[in-house]
Amino acid sequence: MSLRLQTQGHPSPNLRANVLGRISLVPTGREARGDTVRLLRGGDPDADLDDYAGILTEAEVPESTPAPWISHARCLDHLSAGDVVLLQPTGGVRTLFRPASPHNSIFTTDRCNSYCVMCSQPPRTIDDSERIVEHLRLIELIARGAPSDIPRELGITGGEPTLLGNDLLRIIERCRDLLPETALHILSNGRLFYYGSFARRLAEIEHPDLMIGVPLYSDLDVEHDRVVQAPGAFGQTLIGLQNLGRFEVPVEIRVVLHRMTIERLEPTAAFIYRNLPFAAHIALMGLEPIGLAVKNLDSLWIDPRDYAETLEAATFYLAARGLDVSIYNHPLCAVPRSLWRFCRRSISDWKNEYLEDCSTCSVRARCGGFFASAVERRGMLRLKVTPIGL
Amino acid sequence: MASANFAEPPAPAPAYRLLPFRFERWKKREVLLVNDVGDSAFLDAPTFYALVGHCLSVASPGYLELKSKLFLTDGDPTVAIDLLATRYRTNKSFLSGFTGLHLFVITLRCDHSCPYCQVSRVKDGGSRWDMSPETAERAIDLMFRSPSPTLKVEFQGGEPLLRFDLIRSIVERILERNRTEGRQIEFVIATNLAPLDDEMLAYLKDRSILLSTSLDGPAPLHDANRPRPGRDSHALVEKNLARAREALGHDRISALMTTTERSLAQPREIVDEYVRLGFDSIFLRSISPYGFAVRTGAAARYQTSHFLDFYRAALDRIIEWNRRGTPIREVYSQILLSKILTPFATHYVDLQSPGGAGIGAVVYNYEGDVYASDEARMLAEMGDFTFRLGNVHRNTYEEIFGGETLRSLVASSVLEGLPGCNRCAFLPFCGGDPIFHHRTQGDPIGHRPTSAFCAKNMGILRHLFERLRSGDRFVVDLFTSWATGVPAPRCEEEAPV
């Protein structure tokens, strides 16, 4: 089941800037209210609504309430205590953090210096550098949550997070200081680590548990650059990876499998082993048919069953050399059984779905299933499953 | 008129540049290319000539492989060169630690009288053949001057167990010193196991000390190679091997074999004996032209080609055992395969450039003389002090490790500058062994076409490349697992849960 992560309501006149807060379903003590968005569900509102960061309800809010609010929200069922939400002056309510989910990310920017043909979140060229304040605030709110709500892992994604430059380093420093038990996973195209000093400064933060996931789509510059639609990107990414390796920042190599990358998957695996053997993890990833990938679907989509042999060869090549390799975003019935032990349930819970036929499958519980966006296009993609008998 | 007979003018050259590589002709119609970091590719002759003639078409099947493997570049060349530079640094990283292996020859006394002994020995005799505590202390001082974060201490002889008291005092002294030094230290004793007793075993276990013994093959061969009073060397090895494994753990004792003329006819039997005694590795070592080995003429008696026949037959047998499910690997091949198949640095003093004599390993002899290698010490026993670096009592660390002797030894083992080696495709996998060439050819640089060292390594490397491209999936997977140290992943289907 995919989950709702935003909704819409009527903003109060004094909601003039974005407000972040942690959802509480009950009245809280005054000292915690600055961090809290009080969610009112039916019944009479609390007698005292002072000092909250914000109020959120599907009903009315008394005009006299001093805190900024969003009323008449369309649906708030998806929100739970401890969730961190963003209330926008437009009346938008976005969930930024859910303690119940293993898949939380800080979405740092909409900007990107590449334009990958299958980008799931196409970049926008807007100046959103002001959002750094919100990112730092979000980290603070997560850290001040209940101890059981501290995430084991937190993603940092975009857009391209390195475009934040120094501000990205500030985010990582803040995480190091406030969330030292939380592993950070940063998704970056790695191009800006071409500047060795940037890689060095990242390493110097000495975050205790950080990994940078960097996509590499080919062993050949022209092929990689064609996928990311940025000439010269391959060289920058490679030198960037070397720099990260030199400063001992753990890196993960991510290869998205589609028509433009599958042909060179095996030489790419060999290239990774020869030139990037320090990679801590290698993820071979199925395509998410959303964003630009939909626009380019004809030239990208390939049924995983049609590349099973290539995937098997590349996976075993890497595993035989001691590299930690995983297969993401593939339902088990689409890959050879020999590869099942490399398959991970990688699709974020809020967009992870299965087909009806999956209900009879004996391995559904450990199967990664599909992207919601793929299920939506099941006809066009000719999705099929072969339930595994007991 | 005659224009019809002229060749077509060459097509305009595609814009690519060659990156540095060396090559070797292979069975007439093929060429092996190896770049500076050890990546390799086979090309058929026409493709090779097109490549070096700068007219290889992008559409030709070899082009993309050569580009991917960094033999050519058609984009921004700085990217490929940066990648190669990083890997070159990685491959040469053995240099940064400087001397990591320190051999202590604590006594020349030995109960065996092996005719091939690469190390001279004296039959028991007095303590004048033993290392004094003062000499040991000075050697330990020198060892800790090495910047290497890891130190391997190897006790040698003679038979070092004959002076176990000395081993103990040196180990204790080193451990004490290491409380402030904080190095990672490993101890190993090279022993024939004959004098091993329970008290020694208790101490070895307590201090996690490794044993390395000699096993030449089945009893008749071993006892003929390694005579001792009673002719019971093999029986003692077998008995004490079991005791030592029982006390220390199965993997705490390794064995080395030396190939003699007698051994050459028994490759299968030797491998089988290692399997029978439960070893998962064997090191097929050829005889060296030093010490007693030379005095008895043993080295001269067989030719490198005979050794290569022996090596190939033994390797076949090893592969056969693996096919049958008994894992056993050949260590020399493993070192070479690791250089051929992995991007990592290997630490083996005889197969690196510059060579590891002195800068990777050093020998402190019983009387305090410091030698660049075991072979250098043996030369000295024969009256040739060319590679004596100094003496622990008379010289400083700077004089010993920074002196002219070691400098010129290192300089004459930089393959990139040695005639014959500098253009050899196998350079990234090989070593120079100036001490061997000094001994056999009267010159540390030597003459490669007549060098037994060169012939042996070329022969082994050619054979390994042949096996790798034989198309035998089992052998390729086996060699890969030797090279990477990763067991071949099982490909069988996973049962449903």
ask   = Does B:SER413 satisfy the condition of being within 14 Å of chain A (Cβ to nearest Cβ) and surrounded by 14 or more Cβ atoms within 10 Å (Cβ to Cβ)?
value = no
ask   = Among the residues of region B:97-117, is there at least one that is within 12 Å of chain A (Cβ to nearest Cβ), among the polar types (S, T, N, Q) and under 30 Å from the mean Cα position of the chain (by Cα)?
value = no
query = In region A:208-265, what count of residues is obtained for those that are within 13 Å of another protein chain (Cβ to nearest Cβ) and of a type in the set (Asp, Glu)?
reply = 5
Given (1) more than 14 Å from chain A (Cβ to nearest Cβ); (2) surrounded by fewer than 18 Cβ atoms within 10 Å (Cβ to Cβ), index of the condition B:VAL486 fails = (1)
remark   = Taking region B:436-458 and keeping only residues that are in contact (Cβ under 8 Å) with a residue 40 or more places away in the chain and among the hydrophobic types (A, V, I, L, M, F, W, C), one is left with B:PHE436, B:ALA452, B:ALA455
Helices (runs of 4 or more DSSP H) within region B:256-360 that include 2 or more residues over 24 Å from B:CYS110 (Cβ atoms), at pLDDT 95 or above and within 14 Å of chain A (Cβ to nearest Cβ) = B:331-341
task = Looking for whichever is at the interface with chain B (Cβ under 10 Å from one of its Cβ atoms) and modelled with pLDDT of 95 or more here; the options are A:LEU318, A:LEU300, A:LEU311. Which one fits?
result = A:LEU318
note = Log entry, pairs with first residue in region A:370-385 being assigned to a helix (DSSP H, G or I), second being aromatic (Phe, Trp, Tyr), beta carbons closer than 7 Å, six or more apart or on different chains, reads A:LEU381/A:TRP301
key: Entirely in region A:273-349, the helices (runs of 4 or more DSSP H) that have 1 or more residues that are polar (S, T, N, Q) and surrounded by fewer than 18 Cβ atoms within 10 Å (Cβ to Cβ)   = A:297-300, A:308-319
Selected residue (criterion: farthest from the other protein chains (Cβ to nearest Cβ)) from residues of region A:165-207 that are crowded, with 17+ Cβ neighbours inside 10 Å and among the hydroxyl-bearing types (Ser, Thr, Tyr) = A:THR182
Flag if B:LEU461 is assigned to a helix (DSSP H, G or I), over 30 Å from B:THR405 (Cβ atoms), in contact with a Phe, Trp or Tyr (Cβ under 6 Å, 6 or more places away or on another chain) and at pLDDT 95 or above = yes
Residue, surrounded by the most Cβ atoms within 10 Å (Cβ to Cβ), within region B:182-231, restricted to residues that are under 21 Å from B:LEU284 (Cβ atoms) and β-branched (Val, Ile, Thr) = B:THR191
Meets criteria (assigned to a loop (DSSP other than H, G, I, E, B), among the small types (Gly, Ala, Ser) and touching a Pro at 6+ places or on another chain (Cβ under 6 Å)) for A:GLY145 = no
message = Just the residues that are in contact (Cβ under 8 Å) with a residue 12 or more places away in the chain, more than 31 Å from the chain's Cα centre (by Cα) and either crowded, with 16+ Cβ neighbours inside 10 Å or within 7 Å of chain A (Cβ to nearest Cβ) (or both), please, taken from region B:68-78.
response = B:LEU72, B:THR73, B:ASP74
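The values are calculated or read from the model by the stated rules, or taken from the named source; none is laboratory data. Everything numeric here is computed off the predicted structure, so don't read it as measured data. Virtual Cβ from ideal backbone geometry, glycine too; neighbours counted across all protein chains shown.
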